[in-house]
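Novice: This is the structure I have questions about; it appears just below.
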Amino acid sequence: MPCIIFTGMKGSEHKLQEIKKYNKKRVIAVHDISCIGRCSLTVALPILSAAGIETSVIPTAVLSTHTGGFKGYTFRDLTDDILPICEHWKTLGLPADGIYTGYLGSYRQLKIIEELIGDFRDQNTFVLIDPVMGDSGKLYATFNKKFVSGMRKLCRKADMIVPNLTEASMMLDEEYIEKGYNEEYIKNILKKLSFLGPRYTVLSGVSFEDRKNGAASYDREKNEYEFYFSDYIDGFYHGTGDVFASSLLGAFLNGKGLAQSVKIAVDYTTASINLTHSFGSDTRYGVDFELELPKYMAALGKTL
Ligand code: PXL
């Protein structure tokens, strides 16, 4: 019996030491709340939580559903709430290890988000901008060309951007090429995107072969390109860009390097899509990412 108590104490002392060493992180996540159709904040929050990251949220808009597949959705623009939220937060003096922006609710928000980044960034804050604007060569319903040029400008403030090929071609003002491109083409896109400002550029939805899909990354400081692919799963899945960007940020803030973070995010997103496909779920409701969270946490080595 005493032996059992002794072992327990050793365990809890060990845990206390681990807790003291643990580098707790906070991220400010700036996305819409789509009340139905897992994307944006309803995806970013659980994934960042699983990555052990405290997440403070700034909702940019509240929609009854996302805009990609449902008719008659409501849209409440929260542009006028963002600065007052920031003003209050400034009185709290909380540091941010990361600022993560996604779907924005209005053109006016672009300028406000730039201010927010200026207010909450210090030398240790990592800024990830996901320039959420479109997919499959088309802009989402709420955006236009003026918004694209505003987003291009906002990307100057980022340490990392995570566009898909549609968003990349729009920001570069180039034709969208769906398939049949080669490695040189993608490297060229990555390099041109990096000239917008960020050190790290990650391009999602890249495919050189029919049954493969993945991501390409570029680290401008190291002048290094990486590619990582997984199996392509038939169908169009809503919210996967948000699953990918959130899991990428979670991995990166946990000290995984760029290539490793991309691998973890591609594997996690693909596993979630695979599960959705196996369940035969209605893909308008987003992907079944929840049951894959334990594997994501294991890939991050997340246990205390
Ligand atoms: O996942 C991208 C996204 C985010 N938020 C809203 C959207 C979409 C894509 O359609 O409509 C409101």
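Novice: With a Förster radius of 45 Å, plug the Cβ-Cβ distance of residue 108 and residue 236 into 1/(1 + (r/R0)^6) and report the FRET value to the nearest 0.05.
Specialist: According to the calculation, E is roughly 0.90.
Novice: Any chance you could give the angle, 0 to 90 degrees and rounded to 10, that helix 240-253 forms with the longest Cα principal axis of the chain?
Specialist: 40
Novice: Quick check on the stretch 1-153: what are the equivalent-ellipsoid semi-axes from the Cα gyration tensor, as sqrt(5λ), descending, whole Å? Working shown, then result.
Specialist: Details: eigenvalues 288, 76, 35 Å².
So the equivalent ellipsoid measures 38, 20, 13 Å along its semi-axes.
Novice: Charges at C-beta only: +1 for Lys and Arg, -1 for Asp and Glu. How large is the resulting dipole of the chain about its Cα centre, in Debye rounded to 20? Before the final figure, lay out each step's value.
Specialist: Details: 35 positive and 37 negative charges, 126 e Å.
Using only the charged Cβ atoms, the result is roughly 600 debye.
Novice: Let me ask you something else. Of 289, 208, 236, how do they rank once you tally other Cβ atoms within 10 Å and put the fewest first?
Specialist: Numbers: 289 26, 208 17, 236 11.
Lowest count first: 236, 208, 289.
Novice: Next question, about the same structure. In the stretch 16-113, what trypsin sites (Lys or Arg not before Pro) fall in a loop by DSSP, with at most 12 other Cβ atoms inside 10 Å? Walk me through the intermediate numbers first.
Specialist: Numbers: sites: 20, 21, 24, 25, 26, 38, 71, 76, 90, 108, 111; in loops: 24, 38, 71.
For trypsin sites (Lys or Arg not before Pro) across the stretch 16-113 that sit outside H, G, I, E and B with at most 12 neighbouring Cβ atoms in 10 Å, the list reads 24, 71.
Novice: According to the Kirkwood expression over distinct Cα-Cα pairs, how big is the hydrodynamic radius of the stretch 85-229, in Å?
Specialist: 16.0
Novice: Still on this structure: Using alpha carbons only, how many degrees (0 to 90, rounded to 10) separate the axis of helix 79-92 from the longest principal axis of the chain?
Specialist: In the chain, helix 79-92 runs at an angle near 30 degrees to the longest axis.
Novice: If you consider only alpha-carbon coordinates, what radius of gyration and Dmax does the stretch 93-136 have, in Å?
Specialist: Radius of gyration, then largest Cα-Cα span, for the stretch 93-136: 11.7, 41 Å.
Novice: Could you tell me which of 105, 64, 277 has its Cα farthest along the dipole of the chain towards the positive end, charges placed at Cβ (Lys, Arg +1; Asp, Glu -1), taken about the Cα centre?
Specialist: 105
Novice: Considering the alpha-carbon set of the chain alone, what are its Rg and its Dmax in angstrom?
Specialist: Answer for the chain, Rg first and Dmax second: 19.7, 73 Å.
Novice: With +1 on the Cβ of every Lys and Arg and -1 on the Cβ of every Asp and Glu, and nothing else charged, how large is the dipole of the stretch 95-213 about its Cα centre, in debye rounded to the nearest 20?
Specialist: Details: 17 positive and 17 negative charges, 64 e Å.
Charge dipole of the stretch 95-213: 300 debye, to the nearest 20.
Novice: Looking at 293, 238, 257, which one has the Cα that reaches farthest to the positive end of the dipole of the chain (charges on Cβ: Lys, Arg +1; Asp, Glu -1)?
Specialist: 257
Novice: Also: What ranking do 140-153, 171-184 get when scored by the average of other Cβ atoms within 10 Å per residue, highest first? Spell out each step's value before the answer.
Specialist: On the way: 140-153: 16.2, 171-184: 11.8.
Answer by packing, highest mean first, reads 140-153, 171-184.
Novice: Ranked by Cβ crowding within 10 angstrom, fewest neighbours first, how are 79, 42 ordered? List each step's numbers first, then the result.
Specialist: Details: 79 16, 42 19.
By the 10 Å Cβ count, ascending, the order reads 79, 42.
Novice: How many nm separate the modelled label positions at residue 26 and residue 188, each set 7 Å beyond the Cα in the direction of the Cβ?
Specialist: Spacing of the two 7 Å Cα→Cβ label points: 4.5 nm.
Novice: Would you please state which residues of the stretch 175-192 a label at residue 224 would reach in this model, taking the label point 7 Å out along Cα→Cβ and a backbone N cut-off of under 17 Å?
Specialist: Answer for the stretch 175-192: 191.
Novice: Averaging the inverse of every distinct alpha carbon separation and then flipping it gives the Kirkwood radius. What is it for the stretch 118-160, in angstrom units? Mind dumping the intermediate values first?
Specialist: Numbers: mean 1/r = 0.0845 Å⁻¹.
It works out to 11.8 Å.
Novice: Tell me, 100, 22, 200 in order of fewest to most beta-carbon neighbours within 10 Å?
Specialist: Values: 100 28, 22 10, 200 24.
Fewest-to-most Cβ neighbours within 10 Å comes out as 22, 200, 100.
Novice: Multiply the residue separation of residue 12 and residue 71 by 0.36 nm, subtract the distance between their alpha-carbon atoms, and state the gained length in nm to one decimal. Walk me through the numbers before you get to the answer.
Specialist: Details: separation 59, 0.36 × 59 = 21.24 nm, distance 5.37 nm.
Length gained between residue 12 and residue 71: 15.9 nm.
Novice: Quick one: helix 183-194 against the long Cα principal axis of the chain, what's the angle to the nearest 10°, folded into 0 to 90?
Specialist: The two axes meet at around 80 degrees.
Novice: Right, here's the next one. Sum -39500 (n - 2.57) across every DSSP H segment of at least 4 residues in the chain, then divide by the residue count to get the 222 nm mean residue ellipticity, nearest 500.
Specialist: Calculated at 222 nm, the ellipticity per residue is -13500 deg cm²/dmol.
Any read-out appearing in this document is the output of simple, stated calculations on the displayed coordinates, not a laboratory observation. Treat the numbers as computed from the prediction; the structure is a model and nothing was measured. Neighbour counts are summed over all protein chains in view; Cβ atoms, including those assigned to glycine, are modelled from backbone coordinates with ideal geometry.
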